[in-house]
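To keep things clear, I will list the structure first and then write my remarks on it.
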Number of protein chains: 2
Amino acid sequence: MKETDLLIIGGSAGGILSAQMARKAYGNIDITLIRETKTVMVPCGIPYIFGTLRDIKKNRIPDTGLHDANINLLIDNAMEIDKENKTVTTKENGIISYKKLIIATGSLPIIPTFIPGYDLGNVFAILKDENYLNKIFEKLDAAQNVIVIGGGFIGVEFAEQARVLGKNVTLVEMADACLWQAFDKKYTDEIENLLKDKGINVMTKTKVKKIVGEKSVEGIELDGGQIVPADMVILGLGMRPNGALGKNCGLEMNAKGAIVVDQYMRTSDPDIFAVGDCAEKKCFFTGKDAPILLASTAAMEAKIAGSNAFQLRLLRANKGTISTFSTKIFGRTFAAAGLTEAKARQEGYCIMVGEFNTMDRHPGTLPDAQKISIKMIFSKCSGIILGAQVFGGNTVTEIINILSLAITKDITATELNTFQTATHPLVSPSPIAYPINAAAMNAIATNCNHLNEGLTI
Amino acid sequence: MKETDLLIIGGSAGGILSAQMARKAYGNIDITLIRETKTVMVPCGIPYIFGTLRDIKKNRIPDTGLHDANINLLIDNAMEIDKENKTVTTKENGIISYKKLIIATGSLPIIPTFIPGYDLGNVFAILKDENYLNKIFEKLDAAQNVIVIGGGFIGVEFAEQARVLGKNVTLVEMADACLWQAFDKKYTDEIENLLKDKGINVMTKTKVKKIVGEKSVEGIELDGGQIVPADMVILGLGMRPNGALGKNCGLEMNAKGAIVVDQYMRTSDPDIFAVGDCAEKKCFFTGKDAPILLASTAAMEAKIAGSNAFQLRLLRANKGTISTFSTKIFGRTFAAAGLTEAKARQEGYCIMVGEFNTMDRHPGTLPDAQKISIKMIFSKCSGIILGAQVFGGNTVTEIINILSLAITKDITATELNTFQTATHPLVSPSPIAYPINAAAMNAIATNCNHLNEGLTI
């Protein structure tokens, strides 16, 4: 029987970083990582295989990170966990005993079995498997009419890439807007207009009744009876936790099928941790279930689990997901973190909002200057930031990361109004109009009336 | 006699933002701003007039911000402050009485009167004056051999732009390295190599003995006697506070000629505030004098003064400058905030350092991916971040701004290791290798040996 100190099941962001962190934290222990596939895809890079990379091999996560950290890598299937005996049964390597176990088995695409025709030929979900994605690649190159069902990030990004390839693309979304979970209406309008301007047929508030065709898909039928022809359908209905291993060995699970974890990333068994898409997610603000599955959340959780595997070192570290997103659509970057205004109101927060528009270079006359817009949502009473949305050029993602940190640390509007920033003409907005500072200033202004009551100047 | 509630002297970043903030904070008061010139230059944009913008008018700060905030704008010279009678005497508009006054008179270039020949023709300092800069513009276009004295930000940026125009450029710096105040050796080496690769003659550890020529400059003589020919010399020896108005009316001044201010940006007169380059700067970490003159620091101070003008609203707000810098040299962006490793050691901090290199896109095979390098310096005992340096593509400036906020808020290495980030293939590093997270992880690793003492796994 193989023995290892730390066994990790899963080879994507959560597994890799758990292993690397444990190596750095605990020095010379024995660490083994099991994954099912010979290669691993960069998960968020998958849509860009089709239009931008044009070579599926370019989207692999290199194994150098594991080799450099001296991790034993097994390409194998973990079949069963025996938590009483602290062993895992594998298909190829027999039984492996562990001192601590980290489950990082990720997620699987939601297959809409309630839509007739979901299993026709040329209907694809987005599996993170190189061979499967290669089939999509070949089919997409040959296709003329492509329908994407679901206007979340994967759906929108896939639609954009298919359009870049010159396909006729229809994007069908049940809700009022694409990406409505991450952005308020002004921002989703901006996104929808961009998609439409570039020739994508965006159908919101639209339900798919069935996928039609003989053996292969020929089109979809909408709730109203309309038929949209297609020789390929992509299902972008989201992902579900792949928690089967945990469930089968008797770990506590939540209603969504995710493995329940505490703030240290421990499951109901103190020697087993779970991280990433297979682990329960809670909202940073409300503590409610927050089934937002992101590689960056997995990365955070992995580092906590890796640090805490043999001793609790990062205290109360997993405070919940702040849902920090970013995407780039036809050259424009959109990013968000925390609560939207709509969600904050719905949850009952008393809020103040600050918005600001400027150019992302200064002077704005510089050749590659782009417009940048920001919206920030604060607790009106405490001043603490609750959420933000930004769109503009390539730097928008790092601007939202400033606010991700601010959200995590309960930073206030006055602090964000006056925090010192590096600026430079060729790469940033002006210090006079730095978007975070300026939007925070605008939010504060909405709150000054009551401060000025009774003040004589 | 004109009367105004809030009078502001100075029309660059400090003045403009003081006015805008006061408008938002106090509503419908009378605000007047006096500035000397009809137009105002974006200060940090000045080097880019010559090679990139190629039109001096494009580098103007538009007046729309002042007009939109309903600020009375006077193009005039403030001659004298009478703080007993709370009035300012101007050249054109007579005496103006104020309730509160904000001095934002900026800085002036240091003229090296100790170098003979400093006043020859075609020897220019960088004044922030459109007409004067236009003379430099014309002369630079005609020049062949350009010498820049001083390897600070202005010197390096001017040298880069002159080289972009195809000039023979020599950059002379007395210290071991250009930009040594902002970066440690590895980073200054990177910068120096970049400058040399592009054909700039970089001479560090080099003193200028005199500037030679009849009426106009013909060259410089170095300390060793070597003559370097030049038909144009730029003096980039730094700036000094323009505090004369404050000094002449009896405000408390520091040894550098800057107006002394408290944490509320008040001078020794409670009705007079000072912000920006003319106001005293203290180091965020040590409280020592920190004569770092930056538009972004001015912006921070202006918002504090504007908020606090009639009531103290932002408490203990000016905690000192964290020296947050950014520049772009031949397409590479360099940024820094806080203490360098050298400075931290010199000040006696017990530190730990984390470094990391990765690509700024994921997968790194994406067409426009650039290498990105980060170095972070922490207090080894408390874990709190003390400083950071980054170089890479355009997003580097916003990455340093995450760390500017982190420094301001005493955030620790473990927090920076696990904070949640938005990432996206086309605009950011991978969540597995997000540079701030990863460098913090490496710093922590240097500290784990003593945690593992006595631990049996």
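The values are calculated or read from the model by the stated rules, or taken from the named source; none is laboratory data. Being a predicted model, the structure only gives us computed values, none of them experimental. With ideal geometry, Cβ positions are generated from the backbone for all residues, glycine too; neighbour counts draw on all protein chains shown.
So which residues in segment B:113-132 are closer than 20 Å to B:ALA244 by Cβ and not hydrophobic (A, V, I, L, M, F, W, C), if there are any at all? I'd like the intermediate steps shown before the answer.
Start the filter on segment B:113-132 by keeping residues that are closer than 20 Å to B:ALA244 by Cβ, which leaves B:113, B:125-129, B:132.
Within segment B:113-132, B:THR113, B:LYS128, B:ASP129, B:TYR132 meet the criteria.
Would you mind stating whether B:ASN134 is surrounded by fewer than 17 Cβ atoms within 10 Å (Cβ to Cβ), more than 30 Å from B:MET265 (Cβ to Cβ) and not small (Gly, Ala, Ser)? Judged against the criteria, B:ASN134 is a match.
The rows are residues; the columns are (1) buried (at least 18 other Cβ atoms within 10 Å of the Cβ); (2) at pLDDT 95 or above; (3) out of contact with any Phe, Trp or Tyr (no Cβ under 8 Å at 6 or more places or on another chain); (4) not assigned by TED's automatic domain parsing to the domain that holds A:ASP141.
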| position | (1), (2), (3), (4) |
| --- | --- |
| A:LEU6 | yes, yes, no, yes |
| A:GLY10 | yes, yes, yes, yes |
| A:ALA13 | yes, yes, yes, yes |
| A:SER18 | yes, yes, no, yes |
| A:TYR26 | yes, yes, no, yes |
| A:THR39 | no, yes, yes, yes |
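Scan segment B:259-272 residue by residue and report those that are within 14 Å of chain A (Cβ to nearest Cβ) and touching an Asp or Glu at 6+ places or on another chain (Cβ under 9 Å). Lay out the reasoning, then the answer.
Initially, segment B:259-272 is screened for residues within 14 Å of chain A (Cβ to nearest Cβ), giving B:263-265, B:271.
Hit for segment B:259-272 is B:MET265, nothing else.
With the requirement that a residue be hydroxyl-bearing (Ser, Thr, Tyr) and more than 7 Å from chain A (Cβ to nearest Cβ), what does segment B:375-429 give you?
Of the residues in segment B:375-429, the ones hydroxyl-bearing (Ser, Thr, Tyr) are B:379, B:382, B:395, B:397, B:404, B:408, B:412, B:414, B:418, B:421, B:423, B:428.
Answer for segment B:375-429, where residues must be hydroxyl-bearing (Ser, Thr, Tyr) and more than 7 Å from chain A (Cβ to nearest Cβ): B:SER379, B:SER382, B:THR412.
Right, B:THR105: in contact with a Gly (Cβ under 6 Å, 6 or more places away or on another chain) and either surrounded by fewer than 24 Cβ atoms within 10 Å (Cβ to Cβ) or β-branched (Val, Ile, Thr) (or both) or not?
Values: in contact with a Gly (Cβ under 6 Å, 6 or more places away or on another chain): yes; either surrounded by fewer than 24 Cβ atoms within 10 Å (Cβ to Cβ) or β-branched (Val, Ile, Thr) (or both): yes.
Yes; evaluated as a whole, the condition is true for this residue.
Hey, could you check segment B:247-291 for residues that are in a loop (DSSP other than H, G, I, E, B) and among the aromatic types (Phe, Trp, Tyr) and say which is farthest from the chain's Cα centre (by Cα)? If you could, list the steps in order and put the result at the bottom.
First, pick out the residues of segment B:247-291 that are in a loop (DSSP other than H, G, I, E, B): B:249-252, B:254-258, B:260-265, B:267-271, B:275, B:280-281, B:284-288, B:290-291.
Add one more test, that the residue is among the aromatic types (Phe, Trp, Tyr), and what stays is B:264, B:284-285.
Details: B:TYR264: 21, B:PHE284: 15, B:PHE285: 18 Å.
Per the criteria, the residue is B:TYR264.
Quick grid of which residues meet (1) at pLDDT below 95; (2) within 28 Å of the chain's Cα centre (by Cα); (3) part of a strand (DSSP E or B); (4) among the hydroxyl-bearing types (Ser, Thr, Tyr):
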site	(1), (2), (3), (4)
A:THR206	no, yes, no, yes
A:ILE211	no, yes, yes, no
A:VAL217	no, no, yes, no
A:GLU221	no, no, yes, no
A:GLY224	yes, no, no, no
A:VAL228	no, no, yes, no
A:VAL233	no, yes, yes, no
A:ARG240	no, yes, yes, no
A:LEU245	no, yes, no, no
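Exactly one residue out of B:ALA336, B:ALA302, B:ALA317 is within 13 Å of another protein chain (Cβ to nearest Cβ), in contact with a helix residue (DSSP H, G or I) (Cβ under 6 Å, 6 or more places away or on another chain) and modelled with pLDDT of 95 or more, and it is B:ALA302. In segment B:368-418, what residues are over 21 Å from the mean Cα position of the chain (by Cα), more than 20 Å from A:ASN394 (Cα to Cα) and among the polar types (S, T, N, Q)? Correct list: B:SER379, B:SER382, B:THR412, B:THR414, B:ASN417, B:THR418.
The set of residues in segment B:28-45 that are closer than 21 Å to B:LEU127 by Cβ and assigned to a loop (DSSP other than H, G, I, E, B) comprises B:GLU36, B:THR37, B:LYS38, B:THR39, B:VAL40, B:VAL42.
Condition test on A:ALA13, is it under 25 Å from the mean Cα position of the chain (by Cα) and either more than 9 Å from chain B (Cβ to nearest Cβ) or among the basic types (Lys, Arg) (or both)? No. Considering segment B:289-304, the residues that are β-branched (Val, Ile, Thr) and surrounded by 24 or more Cβ atoms within 10 Å (Cβ to Cβ) include one that is farthest from A:ALA445 (Cα to Cα), namely B:THR297. Taken as a whole, the structure places B:ALA440 among residues that are crowded, with 24+ Cβ neighbours inside 10 Å, touching a residue at least 12 places away in the same chain (Cβ under 8 Å) and part of a helix (DSSP H, G or I).
Counting only residues that are of a type in the set (Lys, Arg), out of contact with any helix residue (DSSP H, G or I) (no Cβ under 8 Å at 6 or more places or on another chain) and part of a strand (DSSP E or B), segment B:357-387 holds 1 of them.
Suppose the filter is touching a residue at least 24 places away in the same chain (Cβ under 8 Å), within 12 Å of chain A (Cβ to nearest Cβ), surrounded by fewer than 24 Cβ atoms within 10 Å (Cβ to Cβ) and farther than 30 Å from A:ARG60 by Cβ; does B:PHE310 pass it? Before you say what the answer is, go through the steps one by one.
Details: touching a residue at least 24 places away in the same chain (Cβ under 8 Å): yes; within 12 Å of chain A (Cβ to nearest Cβ): yes; surrounded by fewer than 24 Cβ atoms within 10 Å (Cβ to Cβ): yes; farther than 30 Å from A:ARG60 by Cβ: yes.
So B:PHE310 passes the test.
Does A:ALA299 satisfy the criteria of being assigned to a helix (DSSP H, G or I) and assigned by TED's automatic domain parsing to the domain that holds A:ILE400? Steps first, please.
Details: assigned to a helix (DSSP H, G or I): yes; assigned by TED's automatic domain parsing to the domain that holds A:ILE400: no.
No; evaluated as a whole, the condition is false for this residue.
Annotation note: Cβ proximity below 7 Å between a residue of segment A:139-158 that is within 15 Å of A:THR188 (Cα to Cα) and a residue that is charged (D, E, K, R) and outside any helix (DSSP H, G or I) (sequence gap 6+ or interchain) occurs for A:GLY150/A:GLU173; A:GLY151/A:GLU173.
Looking only at segment B:410-427, residues that are farther than 19 Å from B:LYS375 by Cβ and either among the aliphatic types (A, V, I, L, M) or part of a loop (DSSP other than H, G, I, E, B) (or both) come to 8 in all. Residue check: B:LYS215 meets all listed conditions (1) under 20 Å from B:LEU294 (Cβ atoms); (2) in contact with a Gly (Cβ under 6 Å, 6 or more places away or on another chain); (3) among the charged types (D, E, K, R) but one, namely (1). Is it the case that A:GLY276 is within 14 Å of chain B (Cβ to nearest Cβ), surrounded by 24 or more Cβ atoms within 10 Å (Cβ to Cβ) and on the phi > 0 side of the Ramachandran plot? Yes; evaluated as a whole, the condition is true for this residue. Considering segment A:386-423, and only residues there that are among the hydroxyl-bearing types (Ser, Thr, Tyr) and within 20 Å of A:TYR349 (Cβ to Cβ), the residue that is surrounded by the most Cβ atoms within 10 Å (Cβ to Cβ) turns out to be A:SER404.
Could you grab me the full set of residues in segment B:74-93 that are part of a strand (DSSP E or B) and crowded, with 16+ Cβ neighbours inside 10 Å?
Step one: filter segment B:74-93 for residues part of a strand (DSSP E or B), giving B:74-75, B:78-82, B:87-90.
Once the filter is applied, which keeps residues that are part of a strand (DSSP E or B) and crowded, with 16+ Cβ neighbours inside 10 Å, segment B:74-93 yields B:LEU74, B:ALA78, B:ILE81, B:THR87, B:VAL88, B:THR90.
For segment B:333-356: of the residues being part of a strand (DSSP E or B) and within 18 Å of the chain's Cα centre (by Cα), which is surrounded by the fewest Cβ atoms within 10 Å (Cβ to Cβ)? Here the residue is B:GLY338.
Applying a threshold of 8 Å to beta carbon distances and a minimum spacing of six or more residues, or different chains, the list of pairs starting in segment B:337-348 at a residue that is over 10 Å from B:PHE378 (Cα atoms) and ending at one that is of a type in the set (Phe, Trp, Tyr) reads B:ALA337/B:PHE325; B:GLY338/B:PHE284; B:GLY338/B:PHE285; B:THR340/B:PHE183; B:GLU347/B:PHE285.
Got a sec? Which of A:ILE136, A:ILE96 is over 30 Å from A:ILE374 (Cβ atoms), of a type in the set (A, V, I, L, M, F, W, C) and in a helix (DSSP H, G or I)? Spell out how you get there, then give the answer.
Working: A:ILE96 fails: in a helix (DSSP H, G or I).
Step by step, each of A:ILE136, A:ILE96 is checked, and only A:ILE136 is over 30 Å from A:ILE374 (Cβ atoms), of a type in the set (A, V, I, L, M, F, W, C) and in a helix (DSSP H, G or I).
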